[in-house]
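Encoded as structure tokens, the structure appears first; notes follow it.
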Amino acid sequence: MDNKIEVLREEIRQKLASAKDLSELDKARVEYLGKKGSITALLKGMKNLSNDEKKTFGAEVNKLKAAAAKRIEERVEELKKLQIEAEINAMPKFDITAPADLTRGSYHPITLVQRQCETIFKSMGFTVEDYPEVVTDYECFESVNIPKHHPARDMQDTYYLENGQLLKSQTSAAQNAILKKYGKNLEENGVPIKAIFPGRCFRNEATDASHENTFFQMEGMMVDKDISISNLIFFMKTMLSEVFQRDVKVRLRPGFFPFVEPGFELDINCEICGGTGCSSCKHSGWLELCPCGMIHPNVLREGGVDPEKYTGFAFGLGLTRLAMMKYKVKDIRDLNSGNLKSLAQFTDDDN
Amino acid sequence: MFLSMNWISDFVDFTGLDKLELIHKFSLSTAEVENEILFKGSDLSGVVVAEIKSVENHPDSKKLHLLKVDTGEAELTDVVCGAPNVRVGMKTAFAKVGAKIGEIEIAPRPLAGNMSYGMCCSEAELGISDDNSGIMEITDDVPNGADLKDIYEIDDIVFEVDNKSLTNRPDLWGHYGIAREFAALAGRELKPLGVEDLKAYDGLKKVDLKIEDPLCYRYSCLQVENITKSVSPVNMRIRLFYCGMRGINLLADLTNYLMLEMGQPMHAFDSRKVEKIRIKRFDKPFTFKTLDEVERNIDENTLMICNGDQPVAIAGIMGGLDSEIVDDTTTLTLESATFDAASIRKSTVRLAHRTDASMRYEKSLDPELTVPAIARFLYLLKQYDGGVQVVSALTDEYAYKYDTVELSFDKAFVDRYTGIEIDNDTILKTLTSLGFKAELDGDNFDVVVPSWRATKDVTIKADIIEEITRIYGYDNFDVNTTRSPLYPVRMDVVKENEDKIKDILVKRYSLHELHSYVWAYYDELKELGIEVEPNIKLANATNPNIETIRNSMIPTQLCQLNVNKGYAPEFGIFEIGRVVEGMDENNLCIEKKKLAISLFSKVKDVRDLYFELRDILAVITDDLKHKQLEFKTAEAIHGYEHPVNLNSIILDGEVIGKIGIVHPVVGKKLDKKAAIVFAEVDMQAFADKKNASIIYDEPSKFPPMDYDLSVVVPSGVLFSDLSQCWKNEGTEILKNVKIVDTYDTELFHSITIRFEFSSSERTLSSAEVQAVMDKVIENLKGINVNLR
């Protein structure tokens, strides 16, 4: 009988050693340790033995059984380890330095610059207003102190529609509506009017690299009891410094615009040459950016705000111009070209 | 407009001051100086006065002459000269050897075999006029050898001001007005103009003059005789030339000079042609030949100067050919007048003829100028031509006088507007230096606006602020933020929605935002076989391609896809822009703000692309509103819409847009292989829909139960029809329904629907789920949907 145990022990040893994977091991487990397995069969074959013999033999078989079970566990662990190792070795080395796929969407550059301006003014408590593109003569001209036959109407060649309405030639067309919308709250509750209104404007003119018939402006206005020229300069300087992320130098020159008095042309020091003079700034070191001024009393009055009690400033920033300066776009026509080769580059800009 | 510092210096003493610095100040305080400042005469040296002592014909040339000239030195100089006007005894400008004229340095050189030691110069060569007809003629009284620059005002600083920046300043259209600004900026006195006393002629007969039209505000005139000189003095011609005008003859030059000096246009008539001056309009149109020999159409709105009933000049614009000064003119009538600015402007536009005079009249000239201009004219004329005789009294009709503008304000007003401290003395001094009569009583100012600023420019208190601050200098301002109270700010919903939508489309779906024009592009659309649909048009479009305002952005985007079809095999574009959807009951445009999206793909089939776009819209709606869109089959009404799969987009029961596939005719023109889908959503309608709040659904602690049902869907039955079958069943426990599989054969279309059940209160029993599903199956059978 002892011999039988030894034979089986040797068989198990060899079988387990040669098992190549977990399923072979599992088969071996069933073959030797299962209910109908070889070891169990040994125990069953004991019934003819004496009690002493049974005791001795049984103990030997149980020892074999335990040893086999232990050996199987060890082999399982070994094989698992090998498997992981094989898996690790099978992993190829990737070339992470290969160019990344940057395919993604894009914003129109005007949107990006507009958002920057909006963010700055929103942070200072300004509302952002929306306004139509088709407006009346009253909105665009009469309400902002440009009566019929005023020479200022010559300055802007306006697109008129068949019904007498027009495509707004300036964002100032929204001034009257803004004053009317918020004037009551100013008068009754002392809430200052602080609004910006970005929008598309239209001028009937031939297009070339620096002229477009369709472009964006951003109008801004603030009206309260003691709004001053000093405040106006502050807000303009603050906004431009934020947009350009540098300490922008600005200067005001007198400028004639019927809706403001006094009126100014605001120049910023040339981004390209830093103010020393180059072809972009016509060698002056300054770029004309934005007409602005103190809102004309007639405009306030027409909007229902008492000019004896309140003063305000307004500005009309050329968003298109600003975007061109910021991104160094040379041909204004690229912006409305709808051409993705130009425009898909503006993925985002958190500056 | 070009301005000469020499001319300005006639009226302000700049001794000890930096003129360039003053020009810079002028640019910041008055009007922008454009382009580079010109240093006239700086490239000219070594040119002297020389007298021609002998003239011989050149042996080998018909044109050239051999001259000996006296340059004030001991020896005569040999010169070869080709000018036609050489003669013995003539004095001319002579560039000696070593002289510099522009880039050229004069050196001895042979000309057709003879040595020439210098060059006789024309005025054009010297850069002091455009006269290149011959060498310069210099009067006999000038000594030979004198440096030309010592005799004439050749050295000058000339700068240019953009006319547009002077639109509101009629007083700055002449050097005297400019000099007033310089005087104020420099803190120096403005000298008075030299004028002739016209009272001396009061005893003479008056000119027959009558203003018969309110568009003429003032008409002043004077008759003079016995003008013997015809050529203007050199200095006058240099100034005119530097300021961009050609020298013509003494009278014409003088009227131009006066206009450039005082801003007052003047005109000289042959007195025989203006015996009865009448200013009026005519009832009927006619043609009129102006002195530039152009026949012009005059209508009933154009103001004319007439001799009785015979028109002789277009008021404020140009004189007539027939009344011009001619060779046998003996007496001339000088006109100095003021007209209604708007009328002149409109006539200028009608005639499409803008002159130096009309440009000034358009700006609302000061009528007080007319008489001083005549007095100045006569003063200058007499200086050059002493024999001139005045043969009429000053005749002056002053039909319309502007009101005197008086303004009162206090220092607090100035403080409030400026936000800085400017003291009373500075205010007073500034206003006085600009010609305002200003009086200070305590902190109160009483100001009388000078007539030359009172025609339209300075009418209200705020205008005074500009005068004070611009001379004070904006560079000198302290910059301060406001002290306004703070209140919360509410943002516009459309604007907020817009920003979020752009972010979703760019960041999640990698679409590209483009901008476009608000009109339909005829040519580009034609290329795609899309007709421009009738809509309101521009009344004054200069380009027929952009005449009609678009009624949808989809055609625009199809054009943009066409431009970009080579950009990538697959891409999408979007824009939030405007369209006009016809007219309202008041004949005003119904303008709509739209979100338009178009997708282009050569990779995906049209079904996948269509559902991609549907999902984009669904995600936007879920994200911004926490709501679901519904769709309803729509009828194609535009040529570019595929009649199948065009759907209305519905939110909260209202149609807010449409989604569709491009019509194959258009699609094939655009790209034979690409799938193209589009959607357009009304932004206002979308923004108006309330945002539903998120309702938190606590995850159940009890196991969920799924129930899959495979059904055959007859054609024409939509998922939205199926969903009616479980809409009211098991509402407590049926949490979600989705399609998990589709199976199509030639015979039928089948889908597997997964019903997800769960309860937060109990473990569901198979029986209760089955009970719900039995009802659903029964309902499905009711609409002829059976189990597979």
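Coordinate-derived values only; no laboratory data. All values derive from a computational prediction rather than experimental measurement. Quick reminder, even Gly has a Cβ in these numbers, built from the backbone with ideal geometry, and neighbours come from all protein chains shown.
Miscellaneous remarks
- Under 5 Å, built H, 5+ apart or other chain: amide partners of A:Val191: A:Leu186
- Taken residue by residue and averaged, Cβ atoms of other chains lying within 10 Å of the Cβ of B:499-506 number 3.
- Estimated [θ] at 222 nm from DSSP helical runs (n ≥ 4, -39500 (n - 2.57)) normalised by residues in chain B, nearest 500: -7500 deg cm²/dmol
- Relative contact order [Cα under 8 Å, 6+ residues apart], chain A, whole percent: 16 percent
- Taking trypsin sites (Lys or Arg not before Pro) across the range A:290-324, the ones in a DSSP loop with at most 12 further Cβ atoms lying within 10 angstrom of their Cβ are A:Lys309.
- For the range A:107-231: rounded, prolate or oblate by the Cα gyration tensor [a/c cutoff 1.5]: oblate
- Amide hydrogen neighbours beyond the local backbone of B:Ile135, cut-off 5 Å, H modeled: B:Asn85
- Partners of B:Lys63 within straight-line reach, counting lysines whose Cα lies under 24 Å from its Cα and excluding those fewer than 8 residues away in the same chain: B:Lys53, B:Lys91, B:Lys96.
- Length-normalised contact order of the range A:126-182 in % [C-alpha pairs under 8 Å, at least 6 apart]: 42 percent
- Residue order for B:Lys625, B:Lys500, fewest other beta carbons within 10 angstrom first, comes to B:Lys500, B:Lys625.
- Cα-based helix-to-principal-axis angle, A:229-244 vs chain A, degrees rounded to 10: 30 degrees
- Residues B:Ala539 and B:Lys346, FRET efficiency given R0 of 25 Å [Cβ-Cβ distance, rounded to 0.05]: 0.85
- Loop-located trypsin sites (Lys or Arg not before Pro) across the range B:371-424 with a Cβ neighbour count of 10 or fewer within 10 Å are lacking, with loop assigned by DSSP.
- Proxy reagent accessibility, fewest Cβ within 10 Å first, across A:Cys278, A:Cys201: A:Cys278, A:Cys201
- Theoretical FRET efficiency, 1/(1+(r/R0)^6), r = Cβ-Cβ of B:Val231 and A:Lys341, R0 51 Å, to 0.05: 0.20
- The range B:215-311: GluC sites (Glu not before Pro) in DSSP loop, at most 10 other beta carbons within 10 Å: B:Glu293, B:Glu300
- Normalising the average separation of contacting C-alpha pairs (under 8 angstrom, six or more residues apart) by the number of residues puts the relative contact order of chain B at 8 percent.
- Couplings 3J(HN,Hα) for the range B:747-757, derived from phi with the Karplus relation 6.51 cos²θ - 1.76 cosθ + 1.60 (θ = phi - 60°), are 8, 8, 10, 10, 10, 9, 9, 9, 9, 9, 9 Hz, where x marks Gly and Pro.
- Counting Cβ atoms of other protein chains within 10 Å of each Cβ in B:558-569 and taking the mean gives 2.
- Global form of the range B:675-717, assessed from the alpha-carbon gyration tensor, a/c cut-off 1.5: oblate
- Rounded tilt (10° steps) of A:2-18 against the dominant C-alpha axis of chain A: 20 degrees
- Between helix A:175-189 and chain A: long-axis angle, C-alpha atoms, 0 to 90°, nearest 10: 80 degrees
- This ranking places B:Lys602, A:Lys181, B:Lys738 by how few other beta-carbon atoms lie within 10 Å of each, fewest first, which gives B:Lys738, B:Lys602, A:Lys181.
- Within straight-line cross-link reach of B:Lys382, aspartates and glutamates at Cα separation under 20 Å, skipping those fewer than 8 residues along the same chain: B:Asp10, B:Asp141, B:Glu196, B:Asp197, B:Asp202, B:Glu225, B:Asp253, B:Glu261, B:Asp270, B:Glu335
- Unmatched cysteines, chain A - criterion: no other Cβ of a Cys under 4.7 angstrom: A:Cys117, A:Cys140, A:Cys201, A:Cys290, A:Cys292
- Beta bridges by DSSP in chain B, antiparallel share as percent, to the nearest 5: 95 percent
- When DSSP beta bridges are restricted to pairs lying wholly in the range B:205-361, around 90% turn out antiparallel.
- Cα shape, the range B:559-631, gyration tensor, a/c 1.5 rule: oblate
- GNM flexibility winner over chain A from A:Thr119, A:Thr56, A:Thr136 (Cα, springs under 10 Å): A:Thr56
- Shielding score for B:158-170, defined as the mean number of other chain Cβ atoms within 10 Å: 2
- Backbone geometry of the range B:94-111 corresponds, through the Karplus equation with coefficients 6.51, -1.76 and 1.60 at θ = phi - 60°, to 3J(HN,Hα) couplings of 10, 8, 6, 4, x, 5, 10, 10, x, 7, 8, 10, 6, 9, x, 7, x, 10 Hz, x marking Gly and Pro.
- Within straight-line reach of A:Lys326, meaning a Cα separation under 22 Å, sit the following lysines at least 8 residues removed in sequence or on another chain: A:Lys122, A:Lys237, A:Lys249, A:Lys282, A:Lys341, B:Lys502.
- Separation of the range B:622-638 and the range B:542-585, taken as the distance between their Cα centroids, equals 21 angstrom.
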